[in-house]
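**Student:** Below you'll find the structure I mean.
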Amino acid sequence: MRTAYSVETVRAAERELMARLPEGALMQRAAAGLAAACADLLGRVYGRRVVLLVGSGDNGGDALYAGARLARRGAGVTAVLLAPERAHAAGLAALRRAGGRTVEITATAETDKTADTAKNGDTAKTADTAKNGDTAKTAETADTADTADTAKTFETAEHAIRNADLLLDGIVGIGGKGGLRPDAARLAAFADSARCAVVAVDLPSGVDADTGEVRGAAVRADLTVTFGTHKPGLLVDPAREYAGSVRLVDIGLDLPGEPVLEALQHADVRRLLPVPSGESDKYRRGVVGIAAGSARYPGAAVLAVAGALRGGAGAVRYVGPAGDAVLARFPETLVSDRGPRQAGRVQAWVVGPGAGDDASAVAEVLASDVPVLVDADGLRLADRDAVRARTAPTLMTPHAGEAAALLGVPREEVEGARLASARELAARYDATVLLKGSTTLVADPGGGAVRVNPTGTAWLATAGSGDVLSGLAGSLLASGLGALDAGSTAAYLHGLAGRFAADGAPVGAHDVADAVPEAWRDVRDLAD
């Protein structure tokens, strides 16, 4: 299982390890791994041009030491120093001994604004001001010569970046909050337009390591080399989009306690998949009830049943007005038109996909004493107090727009703070929440590690895909998995099925459902 830990936990582990190592040894470990990753990306180091963007923290030190290693192998290395007087002294000396050169960005009043201003991400300067290079001085205190020197410095830095074969981002470390300051944001813009590969040190500058939020300008990396453990922001959008590929370098950290995030891998999913025994029958394997669909949306019922039939339960009961459509596609389904209470015994319910305005079915399902998955229209129709009063597990599966409506916030707020939104929704409803999207998260109401799904494809953004996921997760609930395991296992299989079904081309929800058995077999076979 891949795990991610908070900045506080990582810092504590680093301090504990540094107390047992010679001074500077931990940074040298990180720099060695960073330099090796850069060398792998370059292919040939000798004669290559490498530019380091260096801030005042330890990430800048890592970049300087890695740059020194590359310079000793024949690379031409230039370090752009954002705070020359606060650059890591030993790392800078090592780079210069190895033949590296430096470009100094003089700190300005704008750069040195208060922490509160920095947290607000104050990068708002006019285009003319930016072109003049004066990101710092007021009209009263501006010095023409200083302005010209600053412009010349940025021009030199931009020229080096545009001609680089590799750019190493060591501006801000994992403790950075609130977006980049103006000079750093300007360098991030240069990096964004660079034609070379961009490698981030530990995480891209400008993203929040703990939350995955991006407030203002940030560096977009092709590769992030992270140390000791993954950071939450590397696994959760929107920050994940800035990280590119992620390479973990082991530096010997001992990380006790519970992680912030967990990402299941094949072996983890395999251990969770229900497998029938010789004594199993369809009822012992679990029966999942599907209360979904309407006269207007019969397809939602068909797709939810399609997912449920492939989720490991022994039988599927369907309740609703789309019985004929369901039977025409899946004659093995047990169909009833008498409502959830009289449909027969089930081990879990799925309610809501395509339900329209039928609140009665949602209320009946929520009143049951078995695990319940609530999706789509059911999320809008479910009474929060009824959900909170349930004693059996509840799994809610909103996308960002539905989550925003339930939380009473704009959709953009949910998309910008996915981790916080999933946790908040789980706490409000006292239910497990599967927040669908570019990174699907599964959060339990009692806190603990949030599961982040590593599989999927953008082609899954298609009508009915969520209905298949609901049926699949409901079937896993009926087979005996808890809400967290059922949600995260279903998301994993669903994402994998989406990849197999699409194979780089547009795909329909029914294709995803049909590919679930292939995903299931892939998990079992590759885990052997």
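**Student:** Can you give the Kirkwood hydrodynamic radius for the chain, in Å, rounded to one decimal and based on Cα pairs?
**Tutor:** Evaluated on the chain, it is 25.1 Å.
**Student:** While we're looking at this one, here's another question. Determine the calculated [θ] at 222 nm for the chain from helices alone, applying -39500 (n - 2.57) to every DSSP H run no shorter than 4 residues and normalising by the residue count; nearest 500 deg cm²/dmol.
**Tutor:** Value at 222 nm, helices only: -12500 deg cm²/dmol.
**Student:** State the extension gain, in nm to one decimal, for the chain segment bounded by ARG97 and PHE330, taking 0.36 nm per residue of separation less the distance between their alpha-carbons.
**Tutor:** Contour length minus the Cα-Cα distance gives 76.6 nm.
**Student:** Can you give the charge dipole size of the range 304-371 about its Cα centre, rounded to the nearest 20 debye, using +1 on the beta carbon of Lys and Arg and -1 on the beta carbon of Asp and Glu?
**Tutor:** Value, rounded to 20: 240 debye.
**Student:** Lys and Arg at +1, Asp and Glu at -1: add these up for the other residues within a Cβ distance under 15 Å of GLY47 and post the number.
**Tutor:** Net local charge, GLY47 excluded: +4.
**Student:** Still on this structure, please answer the following. Ranked from highest to lowest mean number of other Cβ atoms within 10 Å per residue, what is the order of the peptides 304-315, 274-285, 342-353, 388-399?
**Tutor:** 304-315, 342-353, 388-399, 274-285
**Student:** Find the centroid of the Cα atoms in the range 180-257 and in the range 461-492, then give the distance between the two in whole Å.
**Tutor:** First find each Cα centre; the distance between them is then 31 Å.
**Student:** What is the helix-to-structure angle for 483-502, meaning the angle in degrees between its Cα long axis and the longest Cα principal axis of the chain, kept from 0 to 90 and rounded to the nearest 10?
**Tutor:** Its long axis makes an angle of about 80 degrees.
**Student:** Once Lys and Arg get +1 and Asp and Glu get -1 on their Cβ, which of LEU235, ALA191, ALA37 lies farthest toward the positive end of the dipole of the chain?
**Tutor:** So the residue furthest toward the plus end is ALA37.
**Student:** Might you report the magnitude of the Cβ-based charge dipole of the chain about its Cα centre, with Lys and Arg at +1 and Asp and Glu at -1, to the nearest 20 debye?
**Tutor:** 1020
**Student:** Quick one: which residues, 5+ away or cross-chain, put their amide H under 5 Å from the amide H of LEU395? H built at 1.01 Å from N.
**Tutor:** Excluding prolines and chain starts, which carry no amide H, the hits are VAL372, LEU373, VAL374.
**Student:** Probe radius 1.4 Å, ligands and nucleic acids ignored: give me the carbon and sulfur share of the accessible area of the chain as a rounded percent.
**Tutor:** Percent of accessible area from carbon and sulfur atoms in the chain: 47.
**Student:** To continue, here is another question. Positive end of the dipole of the chain, charges at C-beta (+1 Lys, Arg; -1 Asp, Glu), about the Cα centre: which of ILE290, HIS510, HIS399 has its Cα farthest in that direction?
**Tutor:** HIS510
**Student:** Could you do me a favour and compute the accessible area per residue for the chain, 1.4 Å probe, result in Å²?
**Tutor:** Heavy-atom SASA per residue in the chain reads 42 Å².
**Student:** Cβ neighbours within 10 Å, averaged per peptide: list 510-521, 22-33 in order, most packed at the top.
**Tutor:** For the peptides 510-521, 22-33, the packing ranking is 510-521, 22-33.
**Student:** Report, in degrees rounded to the nearest 10, the 0 to 90 angle that the Cα long axis of helix 144-162 makes with the longest principal axis of the chain.
**Tutor:** Roughly 60 degrees between the two axes.
**Student:** Sort out for me the Cα centre separation of the range 13-73 from the range 347-388, rounded to whole Å.
**Tutor:** Each part reduced to its Cα centre gives a spacing of 53 Å.
**Student:** To continue, here is another question. Projecting each Cα onto the charge dipole of the chain (Lys/Arg +1, Asp/Glu -1 at the beta carbon, about the Cα centre), which of GLY378, ALA98, VAL54 comes out farthest on the positive side?
**Tutor:** Ranked along the dipole, the leading option is ALA98.
**Student:** Right, here's the next one. Taking R0 as 45 Å, what FRET efficiency do you get between HIS159 and SER280 from their Cβ-Cβ distance, rounded to the nearest 0.05?
**Tutor:** 0.05
**Student:** Please report, in debye to the nearest 20, how large the charge dipole of the range 432-514 is about its Cα centre when each Lys and Arg carries +1 at its beta carbon and each Asp and Glu carries -1 there.
**Tutor:** Charge dipole, the range 432-514, about its Cα centre: 180 debye, nearest 20.
**Student:** Using 1/(1 + (r/R0)^6) with R0 = 41 angstrom and r between the beta carbons of ALA151 and ALA461, what's the FRET efficiency to the nearest 0.05?
**Tutor:** With a Förster radius of 41 Å, E is 0.40.
**Student:** Sorted by mean Cβ packing within 10 Å, highest first, what order do the peptides 496-502, 327-333 take?
**Tutor:** In descending order of packing, they fall as 496-502, 327-333.
The values are calculated or read from the model by the stated rules, or taken from the named source; none is laboratory data. Predicted model, so just to flag it, every value in this text is computed and none were measured. Reconstructed Cβ throughout: ideal geometry from the backbone, glycine too, with neighbour counts over all protein chains shown. Heavy atoms of the whole protein, side chains included, go into the accessibility calculation; ligands, DNA and RNA do not. Shrake-Rupley method; radii C 1.70, N 1.55, O 1.52, S 1.80 Å.
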